[in-house]
Amino acid sequence: MSDLKITNLHKHYGAFHAVKGINLEVPSGEFTVLVGPSGCGKSTLLRTIAGLEEASEGSVEIGGRDVTYARPRDRDIAMVFQNYALYPYLNVKDNIAFGLRARKFAEPEVEKRVARAAEMLGIGHLLQRFPRELSGGQRQRVAIGRAIVRDAILYLFDEPLSNLDAQLRDDMRVEIKRLHRELGRTMVYVTHDQIEAMTLADRIVLLRDGIIEQQGAPLDLFERPENRFVAGFLGSPKMNFVKATVKGKTVALADGTALPLPQQSKAKSGQAVLVGIRPQYIALAGPRAAAGHARVPVVIELVQPTGSRVHVTLPLGGTSIVADLAAHDVSKPGEKTHIDIDMTRAIVIDPATERVI
Ligand code: ATP
């Protein structure tokens, strides 16, 4: 059963069309992440699900009930906001308990739920503090605690980690993932951060300009993007795109380099294409190239160490590409070496439509 069903949803702000006919179903217990660049409409979509924005057209069902015109409090949702939205004059315990007390829960039940949430989030020792006495990470835990004490059908998160520093974001990401596993609740999470989306999601819904470009399991989108936008949005460093012409079973780059055409590609001989190669599928040449791999001589242009890996810039086919190599493989710019490109995992794009072919 799906806990959330969105049908042909549109949102206009005056003349501006922010959400353009979204259809989406979120099965019970799934962690769905809405991701996309700034302005793509993900927050608008989430706020329309929550009832904080009114749909211009289409419908929203939560738990099998049409709530398109229901008030937020009547939608069986709990929401965590980017700016925490805590009550400054209430201590942590009362902040977490607020929604339960407003719904007239008996005090022993409130105590029990607050204690459990506080324990899960590691904030049991902070219950008497006020929000001004907490760090950003602690405030966000309180905001999450306030949401999870509720028996909502749907838990909505609007960029909950973007006010935190990088280290804390990593820690909180793990906690949110653990929380989802323990609670088994249906969650819809908005972020602009593709790494957050990849690591948290059961399913990613990738938006651009108010429409869904592609949705699916994170690895599906990573390995089988349907178009250039999806291919370029997911992955770090980003996918390399190199101009080429299909020649029989190969793609010829501008400098004459011939790479094997990926088997799954339907590109026709003579067709001008873009070849998409992930930095992770380039390796320093081993004893012999595996089937479907292309061996190419290169000169290292730039080296960016990141610790165990190194991002290496090198010329290929008249452009510069980035390879993600093991740190000990390459030491300095100017080095001449050979790389193996795993063309079985490369994609071929029609530059006119930007679709993978
Ligand atoms: P971000 O990551 O920057 O928050 P987003 O994907 O969440 O981006 P939305 O906040 O959903 O984007 O906004 C989508 C589009 O709708 C944007 O172009 C924005 O300027 C516009 N928009 C949002 N709210 C309003 C409003 N109240 N009035 C007019 N336009 C709005």
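Just so you know, all these numbers are worked out from the coordinates, no wet-lab data involved. Because the structure is a prediction, the values reported are computed rather than measured. Cβ: placed from backbone, ideal geometry, glycine included. Neighbour counts: every protein chain shown.
Structure summary
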{"quantity": "Value of [θ]222 nm, deg cm²/dmol, for the chain, DSSP H segments ≥ 4, -39500 (n - 2.57) each, nearest 500", "calculated": "-7000 deg cm²/dmol"}
{"quantity": "Cβ-based exposure ranking for K249, K332, in which fewest neighbours within 10 Å come first", "calculated": "K332, K249"}
{"quantity": "Cut-off of 10 Å, at most 14 other beta carbons, DSSP loop: longest stretch of the chain lacking such chymotrypsin sites (Phe, Trp or Tyr not before Pro)", "calculated": "90-357"}
{"quantity": "Straight-distance crosslink candidates among lysines, where the alpha carbon sits under 19 Å from K112 and sequence neighbours closer than 8 are dropped", "calculated": "K93, K104"}
{"quantity": "Rg over Rh [alpha-carbon atoms, Kirkwood Rh] for the range 2-228", "calculated": "0.97"}
{"quantity": "Cut-off 12 Å between beta-carbons: net charge of the residues surrounding R309, Lys and Arg +1, Asp and Glu -1", "calculated": "-2"}
{"quantity": "Net charge over other residues, Cβ less than 12 angstrom from the Cβ of S28 (K, R count +1; D, E count -1)", "calculated": "-2"}
{"quantity": "Residue-span extension gain [S135 to N83] - 0.36 nm each, minus C-alpha spacing", "calculated": "17.5 nm"}
{"quantity": "Ranked list, fewest to most other Cβ atoms within 10 Å of each Cβ, for L207, L127", "calculated": "L127, L207"}
{"quantity": "Charge tally in the Cβ shell below 14 Å around G210, where Lys, Arg are +1 and Asp, Glu are -1, G210 excluded", "calculated": "+1"}
{"quantity": "Magnitude of the charge dipole, the range 1-129, Cβ model with Lys/Arg +1 and Asp/Glu -1, debye to 20", "calculated": "320"}
{"quantity": "Rough spin-label spacing in nm, given labels placed 7 Å along Cα→Cβ, for E182 and A252", "calculated": "6.2"}
{"quantity": "In order through the range 139-148: 3J(HN,Hα) via Karplus (6.51 cos²θ - 1.76 cosθ + 1.60), integer Hz, x for Gly, Pro", "calculated": "4, 5, 4, 5, 4, 5, x, 4, 6, 7"}
{"quantity": "Average projection area in nm² (convex hull over Cα atoms of the range 240-356, one quarter of hull surface)", "calculated": "7.1"}
